[in-house]
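Novice: A single structure is presented below for examination.
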Amino acid sequence: MPAASSIHSGSRRSQKKKAPENSVAVADRREPADRARPQKVGFVSLGCPKNLVDSEVMMGLLARAGAELTTRAEDADVIVVNTCSFIESAQQESVNTILEMAGHKATGNAKKLIVAGCLVERFRDQIRKDIPEVDAVVGTGELGKILSATGVAPAAANANSPFVVLPSRPEGDARAAQGRFSRDSWAHESPAGALGDLPNYLYDDTTPRVLATPRHMAYIKIAEGCDHPCTFCIIPQLRGQFRSRRFESVIAEAEKLAQSGVREITLIGQDTTCYGEDFGLQDGLALLLEKLASIDALRWIRFLYAYPNKITGKLLDTIAAYEKICSYMDVPLQHASPSALKRMKRGGGAEVFLKSIAKMRRVVPDLTLRTSFIVGFPGETEQEFEELCDFVREAQFDWMGAFSYSDQAGAAAFSLEKKISPREIERRRKHLMSIQRLISKKKKKALVGREFDLLLEGESEETDLLLEGRTQMHAPEIDGKVFVNDFPEEITPKPGEFYRCQITAAHDYDLVARIL
Ligand code: SF4
């Protein structure tokens, strides 16, 4: 792990003990008198919503097996850290959190510390070796093993976990043959993590889930893994080949969620626009959205992580045709210079993207468009960066994120020459964000006076004098906020309810509204 071993060594080395050989089966280590009560399990979920769904599945499996879930790490018998390993800063955050939680074994109730998720796929045996407080590790394809890892249920219970060998796509098989999913370059650091089987797990509608999101919204993971060859990305090695959940399973889960009070559903996957291709479905995402729109109790349905060249006319027509399907597209473009995109093995460029964006806006009126870019990719020239800046000025995105390129061992870009210095990468990132800030400011100002439906989230996290909510233009957690500072005397606004509101003021990214 990048800075893990160095952080953990030193003063903490004296606590070192030999890690158990078996990575998952850990007995109940509580005092005999305590064993009569359910084990209390605390979760820390890091990273993206896809990882959050994995945490929700593990919590569901544990709750069904009789564990009590707690939000207080100091009360937990077992602490699970579900980690992220996307880029180095995410790995570092994961390691810091593991070490912080390890402290509860010394000072709190905790008898066990379990590490799950992407960091395990990357550094499986190194985690055990360098952080001896960790009792077990659970990879992204082994969620069912959380039961025996925590000691909540015996290893035999894992046999009931919903492991199925899922079909793959010819594109993924071809990429596998070319070495896209190979973890060999990690072998010298963490042989077991590097050489373990690629994850091939996906939950279904029968898998229990404990939602960690507010009661009115939920994510549904419709697919897992990724077959694309992007040279900066190690997600395919961490999450395996692309595979979709069965159509009926997604619908059944959405129906169940709607019955339990969920009003907004966000479909996720590494690439949602490939949904269904592995079982021969064309326009699978559009068909799925259409079917979900027929579930009465759902009010908003959206999807994230569209791949640019997979956005079909049918998908756009479907978004435009149904009021419940949010007029919202999240299309990470990563760059706009054709030469940089070629090195990223993504294809496309500003000209193609602008045509495609024009079509999206033509077919879907009032479309909210989000994207993200990577700046400082190896060999990114000033001219390529300028092409990106010009493109951002012209495309006028509603929301945009800019990420600094981060070198990842195992990614094809790792061996590319002409690396950009971190300082220059940061300069470029800030510059790109400053262009977007002005665009965002102008776009938000143009919304003043307009009316929208608002899903009230509750008290503002920033001040209890304001309420906070979202419109169709705001995906959960990633976009700006709508602060509510006024509502009619006769109503008591309730979180999870929809209200008609009018935008009264705008900031760079956030809006202020009053409930009508
Ligand atoms: S499409 Fe996304 S997840 Fe897949 S390889 Fe590219 S960046 Fe990674």
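Novice: Roughly how big is segment 253-351's charge dipole about its Cα centre, with Cβ charges of +1 (Lys, Arg) and -1 (Asp, Glu), in debye to the nearest 20?
Specialist: The dipole of segment 253-351 has a size of about 380 debye.
Novice: Calculate how many DSSP beta bridges within the chain are antiparallel, expressed in % of all such bridges and rounded to the nearest 5.
Specialist: Looking only at bridges with both residues in the chain, the antiparallel portion is about 30 percent.
Novice: Under 20 Å Cα-Cα from Lys481, which lysines qualify once same-chain neighbours fewer than 8 residues away are excluded?
Specialist: Excluding near neighbours in sequence, the set is Lys441, Lys442, Lys443, Lys444, Lys445, Lys494.
Novice: For the chain, what does the accessible surface come to per residue with a 1.4 Å probe? Please give it in Å².
Specialist: So the chain comes to 42 Å² accessible per residue, rounded to a whole number.
Novice: Divide the volume of the convex hull of the Cα atoms of segment 208-306 by its number of residues and quote the answer in cubic angstrom per residue.
Specialist: 107 Å³
Novice: If the only charges are +1 at each Lys and Arg Cβ and -1 at each Asp and Glu Cβ, what is the size of the charge dipole of the chain around the Cα centre, to the nearest 20 debye?
Specialist: Result for the chain is approximately 740 debye, rounded to the nearest 20.
Novice: Next up: Got a sec? Which residues in segment 265-296 would a label at Val352 touch, if it sits 7 Å along Cα→Cβ and we count backbone N under 17 Å?
Specialist: Backbone N within reach: 273-274.
Novice: Based on DSSP H runs of at least 4 residues, each adding -39500 (n - 2.57), what is the mean residue ellipticity at 222 nm of the chain after dividing by all its residues, to the nearest 500 deg cm²/dmol?
Specialist: Value at 222 nm, helices only, nearest 500: -10000 deg cm²/dmol.
Novice: In segment 202-216, whose amide N lies under 12 Å from the spot 7 Å out along Cα-to-Cβ of Ala297? List them in ranges.
Specialist: 216
Novice: Take the Cα coordinates of segment 361-424, assign each an equal point scatterer, and use the Debye formula without solvent to give log10 I(q)/I(0) at q = 0.25 Å⁻¹.
Specialist: Here log10 of I(q) over I(0) equals -1.11.
Novice: Can you put Thr97, Thr107 in order of accessible area, largest first, using a 1.4 Å probe?
Specialist: Highest to lowest solvent-accessible surface, that is Thr107, Thr97.
Novice: Kirkwood hydrodynamic radius, segment 295-385, all distinct C-alpha pairs: what's the number in Å?
Specialist: Evaluated over segment 295-385, this radius sits at 14.4 Å.
Novice: Okay, next question. So if I take the centroid of the Cα atoms in segment 441-479 and the same for segment 373-430, what is the distance between those two points in Å?
Specialist: If you average the Cα positions of each part, the centres end up 30 Å apart.
Novice: Which whole-number percentage describes the relative contact order of the chain, with Cα contacts under 8 Å and a sequence gap of 6 or more?
Specialist: 10 percent.
Novice: Another question, then. Explain nothing, just the number: relative contact order of segment 417-507, from Cα pairs under 8 Å at least 6 residues apart, as a whole percent.
Specialist: Relative contact order comes out at 34 percent.
Novice: Please list the radius of gyration and Dmax for segment 359-516, considering alpha-carbon atoms only, with Å as the unit.
Specialist: Calculated on Cα positions, Rg and Dmax stand at 19.3, 65 Å.
Novice: Another question, if that's okay. I'd like the accessible area for Cys118, computed on protein heavy atoms only with a 1.4 Å probe and all protein chains in place. Round to 10 Å², please.
Specialist: About 10 Å², ignoring ligands and nucleic acids.
Novice: To continue, here is another question. Label segment 294-339 by shape, choosing from rounded, prolate and oblate, from the square roots a ≥ b ≥ c of the eigenvalues of the Cα gyration tensor; if a/c is under 1.5 it is rounded, and otherwise prolate applies when a/b is larger than b/c, oblate when it is not.
Specialist: Prolate, because a/c is 1.5 or more and a/b exceeds b/c.
Novice: Excluding Ile503 itself, calculate the net charge of residues whose Cβ lies under 10 Å from the Cβ of Ile503, where each Lys or Arg counts +1 and each Asp or Glu counts -1.
Specialist: Residues near Ile503 contribute +3 overall.
Novice: Still on this structure, please answer the following. Quick one: pull the percent of accessible area on segment 215-336 belonging to carbon and sulfur, 1.4 Å probe, ligands and nucleic acids left out.
Specialist: The computed percentage sits at 47.
Novice: Counting Lys and Arg as +1 and Asp and Glu as -1, each charge on the Cβ, what is the dipole of segment 357-442 about the Cα centre in debye, to the nearest 20?
Specialist: 440 debye
Novice: Which lysines, if any, have their Cα less than 23 Å from the Cα of Lys342, not counting same-chain residues under 8 positions apart?
Specialist: In chain and number order, the partners are Lys310, Lys355, Lys418, Lys419.
Novice: Could you put Lys444, Lys256, Lys355 in order of accessible surface area, largest first, with the 1.4 Å probe and the full protein assembly present?
Specialist: Lys355, Lys256, Lys444
Novice: Now, a different point. Rg to Rh for the chain: what is it, with Cα atoms only and Rh by Kirkwood?
Specialist: Rounded to two decimals, Rg over Rh is 0.96.
Novice: Spelling out what I want: for every residue of segment 502-516, take phi, set θ = phi - 60°, compute 6.51 cos²θ - 1.76 cosθ + 1.60 (Karplus), and round to whole Hz; glycine and proline get x.
Specialist: 10, 6, 10, 7, 9, 10, 4, 10, 9, 10, 10, 9, 10, 7, 8
Novice: By Kyte-Doolittle mean hydropathy of at least -0.5 and Cα axial length of at least 20 Å, which whole DSSP H helices of the chain are selected?
Specialist: 49-64
Novice: Check each of the GluC sites (Glu not before Pro) in segment 279-374 and keep only those in coil by DSSP with at most 12 other C-beta atoms within 10 angstrom; list them in order.
Specialist: Glu323
Novice: Any idea what Rg and Dmax come out to for segment 382-458 if you just take the C-alpha atoms, in Å?
Specialist: Computed over the Cα atoms of segment 382-458, radius of gyration and Dmax are 17.2, 52 Å.
Novice: If you don't mind, another one. Taking K and R as +1 and D and E as -1, what net charge do the other residues with C-beta under 14 Å from the C-beta of Ala336 add up to?
Specialist: Computed value for this residue: -1.
Novice: As a test question: what accessible area, to the nearest 10 Å², does Lys345 have when a 1.4 Å probe is rolled over all protein chains in place?
Specialist: 120 Å²
Novice: Among the chymotrypsin sites (Phe, Trp or Tyr not before Pro) within segment 226-304, which fall in a DSSP loop and have no more than 11 other Cβ atoms within 10 Å of their own Cβ?
Specialist: none
Novice: Right, next: If you stretched the chain out fully between Arg246 and Lys310, how much longer would it get, using 0.36 nm times the residue separation minus the C-alpha to C-alpha distance?
Specialist: The Arg246-Lys310 span can extend by a further 21.1 nm.
Novice: Given R₀ = 22 Å, what would the calculated FRET efficiency be for Asn485 paired with Glu323, taking r from the Cβ atoms and rounding to 0.05?
Specialist: Given R0 = 22 Å and the Cβ-Cβ separation, E is 0.20.
Novice: I would also like to ask the following. Can you pull out the GluC sites (Glu not before Pro) in segment 370-479 whose DSSP state is coil and whose Cβ has at most 15 other Cβ atoms within 10 Å?
Specialist: Glu417, Glu461, Glu462, Glu477
Novice: Return, in residue-number order, each cysteine of the chain whose C-beta is not under 4.7 Å from any other cysteine's C-beta.
Specialist: That list is Cys48, Cys84, Cys118, Cys226, Cys274, Cys326, Cys389, Cys501.
Novice: Calculated FRET efficiency, Ile435 and Gln282, Cβ-Cβ r, R0 51 Å, to nearest 0.05?
Specialist: FRET efficiency, Ile435 to Gln282: 0.85.
The values are calculated or read from the model by the stated rules, or taken from the named source; none is laboratory data. None of the values given here were measured: they were computed from a predicted structure. When we count neighbours, we look across all protein chains shown, and the Cβ atoms used for this are built from the backbone with ideal geometry, even at glycine. Accessible surface is based on the protein model in full, side chains and every heavy atom, while ligands, DNA and RNA are left aside. Shrake-Rupley method; radii C 1.70, N 1.55, O 1.52, S 1.80 Å.
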